Amino acid sequence: MNRSIAVLVLQIGVAATAGAQHSLVFVPEADCSTRGGLTPLDLLTDETICEVVPGPGTLAAEKTVGLATLNALLGDEDGDLDFFETALDEIDAIALPPSYVASPYGSPSIFDYVLSSKSDFGEAYAAIVTDGSLWRFHRAPAVGAPVIDIVLSQPTLQAGIGTTLSIDVDAAAFDADGNLYVSFRDDELIHGDLVSVGDGAVLAFDADDIVWNADGTIASLGSDTVAIVLAESDVDAQVVAAGLLDALGVPVTTIGDLQALDVDPAGGTFVGADGVTAWPNLLYAGSDNGPRILTTAGGGAIATLNGVALGGAASPTGSFLGLDGNGSDLTCLQVIATRDLPLCLDLSGQGLTPLDLDDTLWIDHGVPDGTVWIFATFGASSAGATFDAVPLSDKFRFQAWYTSNYFLLLPFDLDSNGRAAIDFSLDPADLNGDLNIVVQVAGIAKPAEMSAPVLITYDQ
């Protein structure tokens, strides 16, 4: 599509939703907390997907996906009989593809996002999931079926940027016209391995060069079709223009590694590295900037969402993103329409171990003083095993039932904050080998609500 037409289409789309409230979805790069970190629900890691709604008053980031959920979705991905691991090392990128259509039931869910990880994983899968690919969780996989769909393979991306070298995707975003933006964890060579781009640069593929399969995966980006949107030096100049200071009051002059990327919902355009091409304004965050999100608007500035700044120029404080203290810089970000938060489950620690037989299942984002039903099922414990699920209607915020073959079904009352803490314990004398228990909770209020699963594991 002609770039000027594409920008016009984007501006019209943004103008139509300019008055809407937005939520910021993000993953912190380092361990941090919200609300003082008094419960596991408020302890965040680089494998925690969070949401915050910028606005007046005190903000608190909300955990929506934690490590116990990722382990329930991934299974024993490396075949070592340990079902509770940090398989991804870090969630590096999160994006919503052009095919995503919001539902009235609190979407998106984890199945809607396209993701990338810091490290390769899936040694026990049919094929390794590389850190140079974009992928999504397969909705309601059957036993033995793939739990991951590759949306953009590393070889396809290598062909598109024109390199023969290994790559590691560090940030990704799609705009309203279907153009794809990426940044990499390390400096890379593109255009036939002849042009070097830094890890703070932004590259793009025009929608016209992206060939989609019917199943929503990318068949081709063409050969060497990538464009440099911003060189790292251009991004550094924008950081300088934003006027950031570090914790000691020293001006921040570099992006470091550009780690998070999305389109700025405030609209507008900027001229890219070639001095000619107009691109939609982008939101971005980097390793040198702390918990602050910048925008390309105006040549570089602290971004705003819902009319509220996403960071403070004077110091890298986490309060602007709902984090305690200095918070953390971000590994990825995605702006979505504000919604009621989905039911969230989390654990104290990493499930059951021989040294810690008592544990707690935490529930969050329920109806205040409401009731939920707790489902629990036994999961497989063989090497490389995954957990099967039954697909649910899109009327559910989480569209898969991992505990349909349940051995336990109990009602449990929530407190005035829509939270609950359920203590449990097991005696190892009662066990014969390893044990995996998959748990989900369901809300009885309308619309129908099912949480994502968590994995409670006992490694004997």
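The values are calculated or read from the model by the stated rules, or taken from the named source; none is laboratory data. Keep in mind the model is a prediction, meaning the values are calculated, not measured. For neighbour counting, all protein chains shown are included, and Cβ atoms are generated from backbone atoms with ideal geometry for every residue, glycine included. Just so you know, the surface numbers come from the protein's heavy atoms only, side chains and all, with ligands and any DNA or RNA stripped out. Shrake-Rupley method; radii C 1.70, N 1.55, O 1.52, S 1.80 Å.
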When residues of segment 409-440 are limited to those that are open to solvent by 30 Å² or more (accessible area, probe 1.4 Å) and of a type in the set (S, T, N, Q), the one farthest from PHE83 (Cα to Cα): SER416
Set LEU81, LEU43: member being open to solvent by 20 Å² or more (accessible area, probe 1.4 Å) and in contact with a Gly (Cβ under 6 Å, 6 or more places away or on another chain): LEU43
Pairs where the first residue, in segment 136-160, is within 18 Å of ASN71 (Cβ to Cβ) and the second is of a type in the set (Lys, Arg) and surrounded by fewer than 21 Cβ atoms within 10 Å (Cβ to Cβ), C-beta under 9 Å, 6+ apart: ILE148/ARG136
Test: PRO368 is closer than 29 Å to PRO146 by Cβ and open to solvent by 40 Å² or more (accessible area, probe 1.4 Å): no
Number of the exception - ALA87 against (1) open to solvent by 20 Å² or more (accessible area, probe 1.4 Å); (2) at pLDDT below 95: (1)
Hits in segment 105-130 - residues which are open to solvent by 30 Å² or more (accessible area, probe 1.4 Å) and in contact (Cβ under 8 Å) with a residue 40 or more places away in the chain: TYR105, LYS118, GLU123, ALA124, TYR125
Single condition LEU189 does not satisfy, out of (1) under 30 Å from ARG139 (Cβ atoms); (2) open to solvent by 50 Å² or more (accessible area, probe 1.4 Å); (3) touching a strand residue (DSSP E or B) at 6+ places or on another chain (Cβ under 7 Å): (1)
Single unsatisfied condition, GLY144 versus (1) open to solvent by less than 10 Å² (accessible area, probe 1.4 Å); (2) assigned to a loop (DSSP other than H, G, I, E, B): (1)
Residues located in segment 156-175, provided they are part of a loop (DSSP other than H, G, I, E, B) and either touching a His at 6+ places or on another chain (Cβ under 7 Å) or crowded, with 17+ Cβ neighbours inside 10 Å (or both): GLY162, THR163, ILE167, ASP168, ASP175
Hits in segment 290-346 - residues which are among the β-branched types (Val, Ile, Thr), over 21 Å from the mean Cα position of the chain (by Cα) and in a strand (DSSP E or B): ILE302, VAL308
Search result, residues across segment 298-329 that are under 13 Å from ALA60 (Cβ atoms) and either in contact with a Phe, Trp or Tyr (Cβ under 9 Å, 6 or more places away or on another chain) or open to solvent by 40 Å² or more (accessible area, probe 1.4 Å) (or both): SER319, PHE320, LEU321, ASP324, GLY327
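When the residues of segment 252-276 are filtered to those that are among the charged types (D, E, K, R) and either free of Cβ contacts under 8 Å to residues at least 40 places away in the same chain or part of a loop (DSSP other than H, G, I, E, B) (or both), which remaining residue is surrounded by the most Cβ atoms within 10 Å (Cβ to Cβ)? Give the steps one after another, and end with the answer.
Keep residues of segment 252-276 that are among the charged types (D, E, K, R), which gives 257, 262, 264, 274.
If we keep only those that are either free of Cβ contacts under 8 Å to residues at least 40 places away in the same chain or part of a loop (DSSP other than H, G, I, E, B) (or both) as well, we get 257, 264, 274.
Numbers: ASP257: 22, ASP264: 24, ASP274: 9.
Among those that are among the charged types (D, E, K, R) and either free of Cβ contacts under 8 Å to residues at least 40 places away in the same chain or part of a loop (DSSP other than H, G, I, E, B) (or both), it is ASP264.
Do we have any residue at all in segment 348-360 that's modelled with pLDDT of 95 or more and either of a type in the set (D, E, K, R) or in contact with a strand residue (DSSP E or B) (Cβ under 7 Å, 6 or more places away or on another chain) (or both)? Step through it out loud before you land on a result.
The first filter runs over segment 348-360 and keeps only residues modelled with pLDDT of 95 or more, leaving none.
Scanning segment 348-360, I find no residue that is modelled with pLDDT of 95 or more and either of a type in the set (D, E, K, R) or in contact with a strand residue (DSSP E or B) (Cβ under 7 Å, 6 or more places away or on another chain) (or both), so the answer is no.
Yes or no: segment 104-113 includes at least one residue that is touching a Leu at 6+ places or on another chain (Cβ under 9 Å), assigned to a loop (DSSP other than H, G, I, E, B) and of a type in the set (Phe, Trp, Tyr).
yes
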Verdict on GLY418 being in a loop (DSSP other than H, G, I, E, B) and closer than 23 Å to ASP364 by Cβ: yes
Residue count for segment 82-99, restricted to those that are closer than 21 Å to ALA260 by Cβ, assigned to a loop (DSSP other than H, G, I, E, B) and of a type in the set (Asp, Glu): 2
